[in-house]
Each structure stands twice: as C-alpha cells, then as structure tokens.
C-alpha cells in the first residue's frame, strides 16, 4: 500500500522471482485439479473416446456405419471394450452382451450392414444405432441433466421430465443453510455485542470463549454434540432426571440435531466479523441518544443496530457459504432426510465411484458459492465507490 | 427490562457456546463405558487403551508428520506469494490476492473431489506427499493473509531510514523487512499446522488405510460406534489445539515490545 509508488524497475523482477514457485504450485496442484474436475463433469467417459471412426462416419450410409463400428471395435483393447459396453448398457439394457460378442468376433465379420445382421439379428434394430449415435460425443450434459432433473432428448437437448431428486437435495441444502444462518446470527449477535460493549473483564472472558471455540477442531465440537444428543446422551439423561419427559427424545439424526450442531460449529465465524464492526462504534453515541430522550431499546434499534448491519452481512455471508458446503457435521448429526449436497458428492466418490455425478454436483455447489462471493465483492465495491466506509 | 434482555440472551448464548465441550470432555476420565453422568469413577483406562492400540497411535503420527510437512510447504508457498504480491502493482495485487486466498472459499468437499481425481491420476493418492501438498494448498492462504497483514503494518519509514543509510534493496528486504514480518510468518505457520492437523474432508478422500490421519480415524469411529476412546481422542485433539493457541499468544506477546 505505502510502498508501491516508489518502487520502480527492479521490484517487478523481484516480484516475478518470488511468485514463480507459488504460481506454479497453485496452477499445477490447485487450478488444474479443479479444472479437470469441471472437465470430468461433462466428460462422456470411454464412450466419447472409443467410437471415433463411428462418430465421423456418414449417418445415412448404413454400410459405412457398420464398417466404422467394426474398425473401432478392432482398435479397442479388452478393457476399453468392456468400458464402452458398460456405458452403452447404461443407456439400453442388453447392449452389453451384443457389443461384447460382436467386438470379440469383429475381425471375422464382413464389414457391412448385412454382415453385422447375419452375426446378430439385433443389429437390424434401429434403437441400438440411435443409442450409439447419441452417446459418442466427447462431451455430455448427462450428469448435469441428472443433477437438475432434466433428461436428454433424442436430439441431445435437455428437457424437463427427469427424476428431480437432486433438485430436491439442492433445495434442501439451501433451506438448511438459511436456517443455520438465521439461528447462528441470532445467537452470535448478543455475544459479539458483549465482547464489544460489556465490562472489560467479562468482555475478555467471552472473547476467550469464542477464540477457544474457534480454535477447537470442527470434528471435536461435532463429537461433543453427538455425545450430548444421542438417545442415551446427556441431554436426554438430564431431561429424564428432571421428569420433564418420560421417554428419551430423538434429538440427533434429524433436522434438529443437524441445525443445533452446525450452528454451534459456525458461531465463531459469525461472532468475529460482527465483533470487529461493533468495536468501531463509539460508546458516546448511545449516551448522546439517551441524553436526547430515547429509551435503551429505541437507542439500540435506531442508533446502534443500523451501524452493525455491515458486520451482520459479512457474518451472514460467511456462515451461509460455509453451511452450503458443510460435510462433516451434518453427515454425523443429520438424518437421511437432512443430508446436504456434500453428502451425496462424498457418496458418489467413496461408494458408487460415479465421478461424473460427483463432479457435476461439485461444479453446481462451487458455482453457487462463487455467485455469492461475487455479489459480496460487487456490494463492497459499490459501497467503496459511493463513499461509504469499506 | 433492556438489561434483562441483554444479560439473558448473552448468558444463554455463552452457555450454548461453552457447555457442550465443558460437559463432554471430562467423560474421557470415566471409569465406565457409558458416556453420561454421574461418572462411575475416575480412571485413565481409556487413555491406556488409546496408547496401546496401534491404529490410534499410527494415525496420530501420520497426522503429525503430514501437518509438519504441510506447514513447511504452506509457509513456503504462502510466504513467497505474499512477499511477491506486495511488490506488484495495484490491479495485479487484487487479482493475485483473489487467487491465493481462494482455497478458503471453495467448499472443502469440492477441493476434495478435485484432489482425489487429479492426485489419483498423478499417482499421489494415498501417499504422504499427496496429503502434504493438498494440506499445503489449504494452509497457504492463511499464511498468505497473515504475512500480508504483517507486511502492510510495517512502518515505511524504517525501510526509508535503511535506504538513507545506504542499504541496497535486497539488503533492506532480507535484513529489515523480513525480520519485522517474522511474527506474520510464525502465526501463518501455526495456522497452516492446525489446518492440516484438524482437516477431515480432503484427508478422507486422499488417505489410504495406512496413511489415515487422527481426524479421519475419529470421523470413522463416530460413524461406527460411540466409545469412551472417542472422547479421549477428542480431548487430546482439543488439548493440542489449545497448546497451539497458547503458543500463538506467547509468540505475539514476544513480538509486541519490538514494535514500540
């Protein structure tokens, strides 16, 4: 900030030398992995690579199509044949055996339509050819279609009418993030207020509590909630002991458990930005307002609160973004109907090995986060330009 | 009335913040195997079980080795990036800062998928270096920010004074600027260490059964069965966190008198 005006010449070289290593590592180990993940979300897998001659063949000439298909089959090794057959079978049941049988004998079959039909009469059916034509492009919107409840029609365009399970999951993710954001703001505000305005000793105590919580691993704090909220846990034991309830309550593996634990984990992220803004508000303002006849509540609502909105907005954005992509806490404290997008991404990677869907959902999640960050950036820029305090 | 609202809400919120850990962590010393009060008696037997079970100690050493590696790599990347960015023009500074800080914003599940896929193809998946480099990327933004803050807070007159005494640019950088920014590097190093030591999601995707870290083992334990050993691990993890926080405070208090 201070030094840039009086740094001519050599500074540029020094900057270049210093930045080479970090830029190389970021590009190679961070931007490239994210880029390859984005590419993976539209990648058509083996189908897009193995049927190259077929893709280029003249569609109207049945014999040329047949010859191109056999050429592609001969060029594949056994692994590629298997992967291609699997991909085709996902689109049309029964294709796997047809493709593999034909591929195995592809050297002996006469490279014409008649030759193929003679080998297996199913090749006369147009549906097999249609499936191959639709699915041999190197790129596909299949995963995004599945994620957004759209289906690919015969022309390869996305149309409505698919299974909307992932739309529901994304909507649920959004709802949970908003719920967590509101509860977190509600609980953080008084704590941030206490740090900024209470007597020094109490303020310092609250601050230490906030920092210790912030510094404690998210997993440890989630562990505490799992132990507190389980059916035979501390909360239920306490409620049974007081006689408030006769049967243990289901407090975990449902929306309640997910929201309580996520709120607790995200509290410090909301308190810290609010606290920083509140500390800049002079206490004399409240005294001035009171001396002019306003009551304490009116003073708070009309003088104090409006000045803290900037801090509240930063806290809300931070908590919302973190909640949107949260995995650890909701996966341990939520029930099957409270799992967020992140849970399904992890399941696609760890269990079903469906990388296409995992990356498509990741791209959608990343896109949502980047849109929010961009809105905040634009708002900050606009405020700085309009002369507001940035 | 307004005081009642204030104190009521502050005390409730404070209880919500503190009580869970204060209540749960002492259960690590419970004699019995039920995770509830009243405790059956004081015992260290669950600690003994942790230290005699190979899986926990192995996971602990993995975590420690990975966190050290990630700290060194993160300080190198983030520190070089911050000092380099300070020397560039304003427009480039905004772009590069955005780039270097961005891993903080990208959800860890997304980074996890990207690392798992790309590192898998590079043959780094499941290896020590794969985890170190992935965690270094997550820690570097924190080093970057704390070194940046530290460099920005420097008194420009000190650089000017050194220049007027005839010190060359590189001499000033190595002997004036860098020592003054040392607290920023140290704080950044601690941030990078903790980030790696506590990280779950990326490690979950990258670690093999042999390179499992302590948080990944704890996560698996929580999903599997709730045992007192889990509370012991949680307690040990928090003690390590608190020790690092205390170290940070101590280092900052060392740095302060030099400034005035």
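Values in this text are rule-based calculations from the coordinates and carry no lab data. Please read all numbers here as calculations on a predicted model, not as lab measurements. All Cβ positions, glycine included, derive from the backbone under ideal geometry; neighbour counts span all protein chains shown.
Please list the three semi-axes, largest first and in whole Å, of the ellipsoid equivalent to the protein assembly as shown, using sqrt of 5 times the eigenvalues of its alpha carbon gyration tensor.
Working: eigenvalues 496, 231, 136 Å².
Computed over the protein assembly as shown, the values are 50, 34, 26 Å.
Run the paramagnetic zone check for residue A:80: 7 angstrom along Cα to Cβ, then residues of segment A:17-54 with backbone nitrogen under 12 Å.
A:46-54
Say R0 is 56 Å: what FRET efficiency, to the nearest 0.05, do residue A:104 and residue B:57 get from their beta-carbon distance?
Working from the Cβ atoms, E equals 0.60.
Counting partner chain Cβ atoms within 10 Å of every residue's Cβ in B:83-96, what's the average?
That works out to 5 on average.
For chain B, what does the relative contact order come out to in percent, with C-alpha contacts under 8 Å and a separation of six or more?
Result for chain B is 28 percent.
What length, rounded to one decimal in nm, is gained on full extension from residue A:378 through to residue A:208, with 0.36 nm per residue of separation minus their alpha-carbon distance? All intermediate terms of the calculation are to be shown ahead of the outcome.
Working: separation 170, 0.36 × 170 = 61.20 nm, distance 3.38 nm.
57.8 nm is the gain from fully extending residue A:378 to residue A:208.
Could you tell me how many degrees, from 0 to 90 and to the nearest 10, lie between the Cα long axis of helix A:78-91 and the main elongation axis, the longest principal axis, of the Cα atoms of chain A?
That helix lies at roughly 70 degrees to the long axis.
Please state, to two decimals, what the Cα-based radius of gyration of segment B:66-180 comes to when divided by 2.2 N^0.38 Å (N = residues).
Scaled against compact globular proteins, the figure is 1.29.
For the pair residue B:3/residue B:160, report the inter-label distance in nm, with labels modelled 7 Å from Cα in the Cβ direction.
5.1 nm
Can you sort A:37, A:357 by how many other beta carbons sit within 10 Å, fewest first?
Listed from fewest to most nearby Cβ atoms, that is A:357, A:37.
Per-residue ellipticity at 222 nm for the protein assembly as shown, helices alone: DSSP H runs ≥ 4 residues times -39500 (n - 2.57), over residue total, nearest 500 deg cm²/dmol?
That calculation yields -23000 deg cm²/dmol at 222 nm.
Hey, rough spin-label estimate for residue B:227 and residue A:197, points 7 angstrom out along Cα→Cβ, what's it come to in nanometres?
Placing both labels 7 Å beyond Cα along the Cβ direction yields 5.0 nm.
Set the Förster radius R0 to 51 Å, insert the Cβ-Cβ distance between residue A:294 and residue A:160 as r into 1/(1 + (r/R0)^6), and round the FRET efficiency to 0.05.
It comes to 0.35.
In degrees from 0 to 90, rounded to the nearest 10, what is the angle of the helix B:128-152 Cα long axis to the longest principal axis of chain B?
50 degrees
Tell me, A:247, A:110 in order of fewest to most beta-carbon neighbours within 10 Å? Let's see the in-between values first.
Details: A:247 9, A:110 13.
Placing the least packed residue first, the sequence is A:247, A:110.
Anyone know which of A:73, A:262, A:340 comes out most mobile in the 10 Å Cα GNM of chain A?
Judging by the Gaussian network model, the answer is A:73.
What ranking of B:64, B:27 emerges when the number of other C-beta atoms within 10 Å of each C-beta is taken as an exposure proxy, fewest first?
Fewest to most other Cβ atoms nearby, the residues stand as B:64, B:27.
Specify the residue with the greatest mean-square fluctuation among A:314, A:260, A:220, computed from a Gaussian network of chain A linking alpha-carbon atoms under 10 Å apart.
A:220
Taking each residue in A:350-362, count the Cβ atoms of any other chain within 10 Å of its Cβ, then average. What number comes out?
2
Just to be sure I understand: if I project the alpha-carbon convex hull of chain B onto a plane and average over all orientations, what area do I get in nm²?
If you wrap the Cα atoms of chain B in a convex hull and average its projections, you get 20.1 nm².
May I ask you to compute the full-extension gain from residue B:16 to residue B:168, defined as 0.36 nm times their residue separation minus their alpha-carbon distance, rounded to one decimal in nm?
49.1 nm
Working only with C-alpha atoms, what are the Rg and Dmax values of chain A, expressed in angstrom?
Here Rg and the maximum Cα pair distance are 30.0, 100 Å.
Please compute the average number of Cβ atoms from other chains found within 10 Å of each residue's Cβ in peptide B:188-198.
Taking the mean over all residues of the peptide, I get 1.
Relative to the compact globular guide of 2.2 N^0.38 Å, what is the alpha carbon radius of gyration of segment A:166-385, as a ratio?
Numbers: Rg = 20.4 Å, N = 220, 2.2 N^0.38 = 17.1 Å.
The value comes to 1.19.
May I ask you to compute the full-extension gain from residue A:71 to residue A:337, defined as 0.36 nm times their residue separation minus their alpha-carbon distance, rounded to one decimal in nm?
90.8 nm
Taking R0 as 51 Å, what FRET efficiency do you get between residue A:313 and residue A:238 from their Cβ-Cβ distance, rounded to the nearest 0.05?
For R0 = 51 Å, the calculated efficiency reads 0.85.
Which one of A:21, A:266, A:324 has the biggest mean-square fluctuation once chain A is modelled by GNM with Cα springs under 10 Å?
Maximum among the listed residues: A:21.
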